[in-house]
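One structure, as structure tokens, below. Some questions next.
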């Protein structure tokens, strides 16, 4: 006989939860509901965007309205505005009269070039000029002699004509009274005609020969004057053998050794005029097109501040930069030296009530065609149009308004997405 178990007698006893457990369950449910409510907008934003970027990777700036100053800030070095270099005008041996650093005056002899060839040529041409002067003076004397001879022949022809006229009158009177024959009258008439022809020829010869003599004398004079010009030019070249300083200043660099033999147009030495100083700056090519001579500038350094103006702009671009010169306006600064470093700020444009935002990489990355505007934690790609730009700001012409928050740096992480969530 089997023994029956007690399964028929067992009964499941329901255990009621305690009050504390019920409170915990209710609190957890409420927390879940709150978290879901709080995360719902964020989740919604995440679902509506193309990408998400941490806020620590970007820089956001606010669009503002106010004064806008376009300027260029650069480091420059002090240079001499006038720094001529002396060259050899003729080949020869150079004797230097000064040393580097010597103070010189305008017109002072700095070096002497020994050129026997040029000196001898000057003496030869001077001798030719003297000979031509003698020829010119001799031509004048000869012309006076020939004019006297011509005048003498003309005067004799006039006397012969008057004599022939008198003879004809006497013979005519004698013939009328029957004292002489008709033949004597005819002979006197022929003699008068010959005298008249001789006088006519003498007058023409004197006129023509006088013109010819004037031309000969003038030709001799022109040849002499031309030779004088040649001598004058050679004399100038000989004078240039004494190399003189064109300005007051200091001797800079010596390019030749003492007693060196140089060729024509070889560099000899330079002179620095320290009374006229300028500051040379390197300007980025993108700003160089806006530079113009006369623009104002602020120069500072060595404990001083000075006003300046752009004096010259190089047309050549080297390594993406353009060299510009800024001169001091007003009194010359004291205690400045060659190659000293100074800070220069050149004002390109200055306006009021301009809509601007901080300049950043977004201008270069987008070409100024769009920007990411941050609203409610989402950066939206917005078309814009930019204008002028300065070192730290860029002008906004279209697409943004005052108070807009724009991502100015770090947009490379957006990869061109239309909407980007900004996470904390």
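The values are calculated or read from the model by the stated rules, or taken from the named source; none is laboratory data. Because the structure is a prediction, the values reported are computed rather than measured. Don't worry about glycine lacking a Cβ; one is built from the backbone with ideal geometry, like all the others, and counts go over all protein chains shown.
Anything in the range 145-161 that is farther than 30 Å from residue 217 by Cα and touching a residue at least 24 places away in the same chain (Cβ under 8 Å)? List them, or say none.
Scanning the range 145-161 gives 160, 161.
Picking from 164, 174, 198, which residue would you name as being surrounded by 13 or more Cβ atoms within 10 Å (Cβ to Cβ), assigned to a helix (DSSP H, G or I) and touching a residue at least 40 places away in the same chain (Cβ under 8 Å)?
198
Of the residues 213, 222, which single one is out of contact with any helix residue (DSSP H, G or I) (no Cβ under 6 Å at 6 or more places or on another chain), farther than 25 Å from residue 95 by Cβ and not in a loop (DSSP other than H, G, I, E, B)?
Result of the check over 213, 222: 222.
Which of the following residues is out of contact with any helix residue (DSSP H, G or I) (no Cβ under 8 Å at 6 or more places or on another chain) and either closer than 22 Å to residue 279 by Cβ or crowded, with 17+ Cβ neighbours inside 10 Å (or both): 348, 342?
Going through 348, 342 in turn, the sole match is 342.
Only one residue in 110, 118 is buried (at least 18 other Cβ atoms within 10 Å of the Cβ), part of a helix (DSSP H, G or I) and under 39 Å from the mean Cα position of the chain (by Cα). Which one?
118
Let me spell it out: the conditions are (1) within 30 Å of residue 403 (Cβ to Cβ); (2) surrounded by 10 or more Cβ atoms within 10 Å (Cβ to Cβ); (3) at pLDDT below 70, and residue 58 meets all of them except one. Which number is the exception?
Single failed check for residue 58: (3).
Can you report the number of residues in the range 409-424 which are part of a strand (DSSP E or B), within 14 Å of residue 371 (Cβ to Cβ) and more than 47 Å from the chain's Cα centre (by Cα)?
Here the count works out to 2.
Of (1) surrounded by fewer than 16 Cβ atoms within 10 Å (Cβ to Cβ); (2) modelled with pLDDT under 90; (3) closer than 30 Å to residue 378 by Cα, residue 73 satisfies all except one. Which?
Failed condition: (3).
Can you tell me which residue in the range 361-388 is surrounded by the fewest Cβ atoms within 10 Å (Cβ to Cβ), limited to those that are under 20 Å from residue 418 (Cβ atoms) and modelled with pLDDT under 80?
367
Sticking with this structure for a sec: What number of residues within the range 59-112 satisfy the criterion of being closer than 30 Å to residue 286 by Cα and out of contact with any helix residue (DSSP H, G or I) (no Cβ under 7 Å at 6 or more places or on another chain)?
24
Check residue 290 against each of (1) surrounded by fewer than 16 Cβ atoms within 10 Å (Cβ to Cβ); (2) free of Cβ contacts under 8 Å to residues at least 40 places away in the same chain; (3) farther than 30 Å from residue 111 by Cα and name the one condition it does not meet.
(2)
Would the range 347-356 turn up any residue that is modelled with pLDDT of 85 or more and within 26 Å of residue 299 (Cα to Cα)?
yes
Does residue 417 satisfy the criteria of being modelled with pLDDT under 85 and either surrounded by fewer than 16 Cβ atoms within 10 Å (Cβ to Cβ) or more than 13 Å from residue 356 (Cβ to Cβ) (or both)?
Considered against the rule, which asks whether it is modelled with pLDDT under 85 and either surrounded by fewer than 16 Cβ atoms within 10 Å (Cβ to Cβ) or more than 13 Å from residue 356 (Cβ to Cβ) (or both), residue 417 comes out as yes.
Moving on. Please verify whether residue 391 is touching a strand residue (DSSP E or B) at 6+ places or on another chain (Cβ under 9 Å) and crowded, with 17+ Cβ neighbours inside 10 Å, treating the condition exactly as stated.
no
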